[in-house]
Amino acid sequence: MAKTKTKYVCQECGYSTNKWLGRCPDCGAFSTFAEEAEVVRSSGRYTGITSAAPLKLSQVTSKEQSRTKTGIGELDRVLGGGFVQGSLTLVGGDPGIGKSTLLLQVCKGLGERQKNILYISGEESVQQIKMRAERLDIDTDYLSLLSETDLGIIEKVISATEPDYVIIDSIQTMFIDEIASAPGSVSQVREATSRLMHIGKGKGISIIIVGHVTKDGSIAGPRILEHMVDTVLYFEGDKRASYRILRSVKNRFGSNEMGVFEMTGKGLKQILNPSEFMLAGKPKNVSGSVVTCCIEGTTPLLIEVQALMSYTSFNMPRRMATGIDYNRVILLIAVLEKRAGLQLANYDSYVNLTGGIKITEPSLDAAVTVAIASSFKDTPVEDGTIIFGEIGLTGEIRAVSMTPKRVSEAAKLGFKRCIIPSASEKEVSGIKNIEIIGVSNIKELINAALRPIKKAKES
């Protein structure tokens with residue numbers, strides 16, 4: 001007979017202990033420990049994925065990965081070319097952001113390629129899923145629906161139907177009867193994902209898992225969940241806006257890419273030119289507005305950086321940053337004060353990346369710095385200018401990766417002047433129809449950015 005022990009598990013990171021703690025010593029979260037029953041069995045519960053003997057590296061025959069395209073170009077690009085057979089994909093996002101809508105559209109594309117899909121929902125009835133499918137004009141005989149939360153029953157259904165793809169919506173609603181803790185707890189989520197991984201790898205079934213996110217935007221449940229799966233996709237964006245951003249943060253079968261979608265009455269519509277979409281509505285001849293280019297995976301993306309400097313009579317000026325690291329903005333303000341001589345101590349500072357996108361790349365430093373200086377001096381950056389580069393604490397402008405790709409994207413969209421680190425000038429000397437200006441320190445950067453534009457040289 002199985003022995004039952006009690007343990008306390010942190011619902012944020014999965015750390016376990018024999019007694020209740022107010023603060024988790026692993027992740028630092030407060031009041032996150034919940035009591036769970038741990039079942040200790042005398043024999044192992046699992047069997048291995050394969051029973052083959054180990055092979056020498058030279059004995060392993062490599063073969064091309066079998067991929068299936070979904071029919072949604074942006075999603076296929078983010079995945080690295082489509083879903084890989086037997087892969088485990090985790091899709092996370094805020095409630096109502098469009099995860100279920102995206103997956104139903106994926107079912108339509110897979111059904112057109114005659115792939116059998118089993119859609120399992122623990123949150124909606126099959127009638128509700130049918131209503132959404134009708135709204136999205138999805139009608140395929142290759143899609144089967146099941147409303148169930150017991151993973152034991154789900155395993156039997158998968159074994160009986162043997163689909164090509166399984167969608168679990170969502171992993172936090174699934175439960176295993178042998179585990180006494182509630183659905184959505186760390187133990188349940190970890191155990192359910194582990195069983196699904198064994199099913200997918202053992203039978204060659206591609207499994208797509210929907211995961212809830214916490215208030216800070218990370219997948220709810222233990223961090224090990226992201227380590228177990230092959231691909232982790234985050235669906236981001238403001239629910240009150242029409243745009244959505246699908247970002248790959250882990251992909252064992254390709255690079256981490258980003259795709260942009262627009263939510264319409266007929267579902268998600270892919271944005272084929274995200275740079276043009278992000279710059280739509282950019283004001284002209286307004287101080288504090290600068291265009292920069294970042295790299296998401298291998299794709300250049302042009303976005304607008306906005307800054308507003310407002311005089312304050314309070315002793316402590318306010319600093320705010322949206323879409324960019326707050327501490328990085330504070331650092332750049334300090335560099336501006338020390339190396340460029342701008343007295344910003346009596347000014348509130350607000351920095352924003354338009355489009356609701358979040359970027360952590362250091363190439364934004366130069367654009368953020370110019371936007372702040374432009375707003376402080378109330379001098380606009382001329383239209384047709386793009387700026388990028390990393391800034392060090394001594395005020396130097398450091399080179400960034402993929403400079404030719406960034407400049408080529410700017411020239412393709414009609415920009416006439418590009419301010420870059422002087423160390424990268426040789427890399428882009430062959431690009432035509434755009435003026436290249438190299439700068440080596442923050443003073444040169446501000447002087448070059450806030451002067452009138454010259455006509456591009458054509459050769």
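No lab work stands behind these numbers, since they all come straight from the coordinates. What you see is a predicted model; the values in this text were computed from it and never measured. A quick note on method: Cβ atoms are made from the backbone with ideal geometry, for glycine too, and the neighbour counts reach across all protein chains shown.
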For this session: Please determine, in degrees from 0 to 90 and to the nearest 10, the orientation of helix 326-339 with respect to the longest principal axis defined by the Cα atoms of the chain, where the helix direction is its Cα long axis.
Result: 20
Exercise. Using θ = phi - 60° and the Karplus form 6.51 cos²θ - 1.76 cosθ + 1.60, what ³J(HN,Hα) does each residue of the stretch 272-284 get, whole Hz, x for Gly and Pro?
Worked result: 6, 10, x, 4, 5, 5, 5, 8, 5, x, 5, x, 10
Problem set entry | Proxy reagent accessibility, fewest Cβ within 10 Å first, across 197, 258 | 197, 258
Seminar exercise, completed: Per principal axis, largest first, the Cα atoms of the chain extend in Å by 78, 53, 53
Exercise. How long is the gain from residue 298 to residue 405 if the chain were fully straight, where each residue apart is worth 0.36 nm and the alpha carbon distance is subtracted?
Worked result: 37.6 nm
Exercise. On full extension of the chain, what length is gained from residue 29 through residue 224, given 0.36 nm per residue of separation minus the C-alpha to C-alpha distance?
Worked result: 68.5 nm
Seminar exercise, completed: Least to most buried among 268, 393, by other C-beta atoms within 10 Å and fewest first, runs 393, 268
For this session: Sketch the reach of a paramagnetic label on residue 141 as a point 7 Å from Cα along Cα-to-Cβ, and name the residues of the stretch 97-121 whose backbone nitrogen lies under 20 Å away.
Result: 107-119
For this session: At q = 0.11 Å⁻¹, what is the base-10 log of I(q)/I(0) for the stretch 331-411 according to the Debye formula with one equal point scatterer per Cα and no solvent? Please give it to two decimals.
Result: -0.32
Seminar exercise, completed: Here, trypsin sites (Lys or Arg not before Pro) of the stretch 225-302 satisfying both criteria (DSSP loop; at most 13 other Cβ within 10 Å) are 239, 240, 252, 266, 284
Exercise. Which translational diffusion coefficient, to the nearest whole µm²/s, is obtained for the stretch 67-272 from the Stokes-Einstein equation, given a Kirkwood hydrodynamic radius over C-alpha pairs, 37 °C and 0.692 mPa s?
Worked result: 194
Problem set entry | Using alpha-carbon coordinates, inclination of helix 365-377 to the longest axis of the chain, degrees | 50
Problem set entry | For the stretch 117-206: Kirkwood Rh in Å [reciprocal of mean 1/r, alpha carbons] | 13.7
Problem set entry | Calculated FRET efficiency for the pair residue 343/residue 130, C-beta based, R₀ 56 Å, to 0.05 | 0.30
Exercise. Which of the peptides 401-408, 165-172, 147-154 is most tightly packed, and how do the rest follow, judged by the mean count of other Cβ atoms within 10 Å per residue?
Worked result: 165-172, 401-408, 147-154
Exercise. Which FRET efficiency, nearest 0.05, do residue 69 and residue 178 yield, Cβ-Cβ r, R0 51 Å?
Worked result: 0.85
For this session: Return the calculated 222 nm mean residue ellipticity for the chain, to the nearest 500 deg cm²/dmol, obtained by summing -39500 (n - 2.57) across DSSP H runs with n ≥ 4 and dividing by the residue count.
Result: -7500 deg cm²/dmol
Problem set entry | Which of 185, 85, 104, positive extreme of dipole for the stretch 67-272 (C-beta unit charges) | 85
For this session: Counting other beta carbons within 10 Å of each Cβ, put 7, 432 in order, fewest first.
Result: 432, 7
For this session: Just tell me which lysines come within less than 30 Å, Cα to Cα, of residue 266; anything on the same chain fewer than 8 places away is out.
Result: 69, 99, 108, 115, 130, 215, 239, 250, 282, 358
Problem set entry | Neighbourhood charge, 10 Å Cβ-Cβ cut-off, centred on residue 271 and excluding it, Lys, Arg +1 and Asp, Glu -1 | -1
Exercise. To two decimal places, what compactness ratio does the stretch 128-177 give when its Cα radius of gyration is scaled by 2.2 N^0.38 Å?
Worked result: 1.27
Exercise. The stretch 108-197: which trypsin sites (Lys or Arg not before Pro) are DSSP loop and have at most 16 other beta-carbon atoms within 10 angstrom?
Worked result: 113
